[in-house]
Each structure stands twice: as structure tokens, then as C-alpha cells.
1. Among residues belonging to the range 122-173 that are assigned to a loop (DSSP other than H, G, I, E, B) and within 13 Å of VAL97 (Cα to Cα), point out the one that is modelled with the lowest pLDDT.
2. Provide a single number: the residues in the range 212-244 that are among the polar types (S, T, N, Q), in a helix (DSSP H, G or I) and touching a residue at least 24 places away in the same chain (Cβ under 8 Å).
3. Given (1) surrounded by fewer than 18 Cβ atoms within 10 Å (Cβ to Cβ); (2) at pLDDT 95 or above; (3) under 20 Å from GLY79 (Cα atoms), identify the lone condition not met by ALA240.
4. Kindly indicate which of MET277, MET255, MET233 is on the phi < 0 side of the Ramachandran plot, touching an Asp or Glu at 6+ places or on another chain (Cβ under 9 Å) and of a type outside the set (Ser, Thr, Tyr).
5. Using the structure shown, decide if HIS263 is open to solvent by 30 Å² or more (accessible area, probe 1.4 Å), more than 16 Å from ARG179 (Cα to Cα) and of a type outside the set (D, E, K, R).
6. Mind counting the residues in the range 211-237 that are of a type in the set (Phe, Trp, Tyr), open to solvent by 40 Å² or more (accessible area, probe 1.4 Å) and at pLDDT below 95?
7. Scan (1) within 13 Å of the chain's Cα centre (by Cα); (2) at pLDDT 90 or above; (3) not β-branched (Val, Ile, Thr) for the single condition GLU56 breaks and write down its number.
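The values are calculated or read from the model by the stated rules, or taken from the named source; none is laboratory data. Keep in mind that this is a model prediction, so the values were computed, not measured. Cβ atoms come from the backbone with ideal geometry, glycine included; neighbour counts cover every protein chain shown. When the accessible area is computed, the model is the full protein with side chains, heavy atoms only, and any ligands, DNA or RNA have been set aside. Shrake-Rupley method; radii C 1.70, N 1.55, O 1.52, S 1.80 Å.
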Amino acid sequence: MELARALGNGEIVSADSRQVYRGMDLGTGKDIDEYGDVPYHLIDICPAGSKYNLFEYLRDASSAIDDIEMRGNRPIVCGGTGLYVESLLNGLRLPPVPENPKLRSQLRGKSLEELTDMLAQMKTLHNTTDVDTPARAIRAIEIQTYYSDHPDAAAQAEPHPLTDAVIIGLNIDRNERRRRISERLIARVDSGMIEEVEHLLASGIHPDDLIYYGLEYKYLTLYCTGQLSRKDMLAGLEIAIHQFAKRQMTWFRGMERRGHHIHWLDHDDPKFIEKTMNIINE
């Protein structure tokens, strides 16, 4: 947030694989109240219970970045899902989707409203250009159908690495990281994280769909459905988050070995923004 304001025209593009889901706020640590007037993208774009994936993220993040830059602003990709960050930096693109004559024939003659309703059953409609004409809507349905039938299609993608990205990493002492994680976990539980999961379950989301998201939603769902005691839930979740944070750092260190230069700055450096701006302007 501070960097976006310092740039004067910064906009956040989330690279968090779980903050895309609506109603999953405390469990994913959205902290939206801190954003203030800073624009953000790819948060709260999917219904809880759905399964957003890397292919959708690359499409949506690229679209958001193009839109931000077209308006003369600066995109700041931020988040802890290393696979999303690295795939975006590598410029991974999905292969072209072939035409499906049979499907097109089935859809021909349907109204834009009917097509929009069909597409809405397949994905969250946060890209309005998909449904501005029947032809676009049919193509969008065709694409969604193809990737649903060919989940391995991305393996054919040819990357187009980003060459002008500046990568900043937050460096934090292991013990301090663990302390902050533990404190934040208790704060989120006290703020209603258990009640959040209870509400999601009461809204009709199947427990298995919440467990699928892992970490907080796995352990809290097991607790809310009587499969874990509160003590075991908190102990197991704390360990799991610490392990996840360690894996995150392992991923980012691996990115360096794979050729991505990361500028590591101390998380509590009072000159963090000044140093970041200097790196950006080099």
C-alpha cells in the first residue's frame, strides 16, 4: 500500500491463490480495510466453494496488468503464491483453443442473455468483454469447455518472460516470522475466523470444498464439523502455517536459482520505500 501511494499511480494485483474467493476474508488475511484508496485487482472475484486455478489466474492477471498500464498506472503484483508469481514473470501463456463446430452449432441461435447465464455457470464473469456480443460469449464458453476437457493443455504453452519487472522480497528473521505468524493466528481467531467458516458451511458450501483450500479452512472445517478439538485445531494449524511459510521462502529462493533476481529488503527497514523506489528507478 505504501509503495502504491509513493508511486502515486500504483495499483495492486493480488497473486494470492485464495484471496480470489468471496466470503473467505479472515482465513486468507485480506486486510482490505488497509487498502484505503489504493485500487486492487483479483480479490473477491470468485464464489467460495469454486476452484480457481493457475490458468485462470494468468489470464486474469495479464488482463488486469494490461488494463492498468493502458491507463498509465503502475501494476504492483503482490502475494505469497509462488507458482502464480513465477508463472506470471515467466510470461506463461495458454495455447490457443481450437474451434468446436459441434458446440458452436448447439449454441447458435441462443440469446446473449441465455449465453451469459451459461457462461456464469462455468466461471465468474468479472471480464465483461466476454459477454458483450453473442459471438464473444460463444467463444468464451468454447474456451471454458476446452480447458475443462483438457486440463493438461497448459503444458503446451510457450512462455514469453517479462523483461521489465522489478522483484522485491521481504526479508524477515525466522524467529520473528514465527512470532508474528503465531500472534496473527490468535488475532484472526479472536476476530471471528471460526465464525467465518461456520457461516460458509451454513451457506451450503460442502465441508470437502472448504478442506480443499487447506491451511485455515482445512483445520477450521475439521473443528466445526467435530473432527478436531479446539486445542488440536489450533496446534495443528499453527504448525501448518509455519511449514507453509517455510515452503514459501524455499520457493522464492528457488526462483533466484532459476534466474529471477530478487532484491531482498528488511521488512522493518524505515527506508524500505525509499530503497524500493531507488531500485525501480535504476
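1. Looking only at the range 122-173, we keep the residues that are assigned to a loop (DSSP other than H, G, I, E, B), and these are 122-127, 132-133, 150-152, 157-167, 172-173.
The next check asks that each one be within 13 Å of VAL97 (Cα to Cα); those that pass are 150-152, 157.
On the way: HIS150: 79, PRO151: 69, ASP152: 71, ALA157: 54.
So, considering only residues that are assigned to a loop (DSSP other than H, G, I, E, B) and within 13 Å of VAL97 (Cα to Cα), the one modelled with the lowest pLDDT is ALA157.
2. Of all residues in the range 212-244, those among the polar types (S, T, N, Q) come to 221, 225, 227, 229, 243.
Now narrow it down to the ones that are in a helix (DSSP H, G or I): 221, 243.
Next, from what is left, pick out any that are touching a residue at least 24 places away in the same chain (Cβ under 8 Å): 221.
Qualifying residue count for the region: 1.
3. Status for ALA240: all satisfied but (2).
4. Details: MET277 fails: touching an Asp or Glu at 6+ places or on another chain (Cβ under 9 Å); MET233 fails: touching an Asp or Glu at 6+ places or on another chain (Cβ under 9 Å).
The unique qualifying residue is MET255.
5. Numbers: open to solvent by 30 Å² or more (accessible area, probe 1.4 Å): yes; more than 16 Å from ARG179 (Cα to Cα): yes; of a type outside the set (D, E, K, R): yes.
Considered against the rule, which asks whether it is open to solvent by 30 Å² or more (accessible area, probe 1.4 Å), more than 16 Å from ARG179 (Cα to Cα) and of a type outside the set (D, E, K, R), HIS263 comes out as yes.
6. In the first step, residues of the range 211-237 are kept if they are of a type in the set (Phe, Trp, Tyr); the result is 212-213, 217, 219, 223.
So of that shortlist, the ones also open to solvent by 40 Å² or more (accessible area, probe 1.4 Å) come out as 212, 219, 223.
After this cut, where a residue has to be at pLDDT below 95 as well, the list is 212.
Residues that pass the stated criteria total 1.
7. The failed condition is (2).
Okay, residues lined up against (1) touching a helix residue (DSSP H, G or I) at 6+ places or on another chain (Cβ under 7 Å); (2) surrounded by fewer than 16 Cβ atoms within 10 Å (Cβ to Cβ):
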| residue | (1), (2) |
| --- | --- |
| PHE55 | yes, no |
| ALA64 | no, no |
| GLY72 | no, yes |
| GLN106 | no, yes |
| LEU112 | yes, yes |
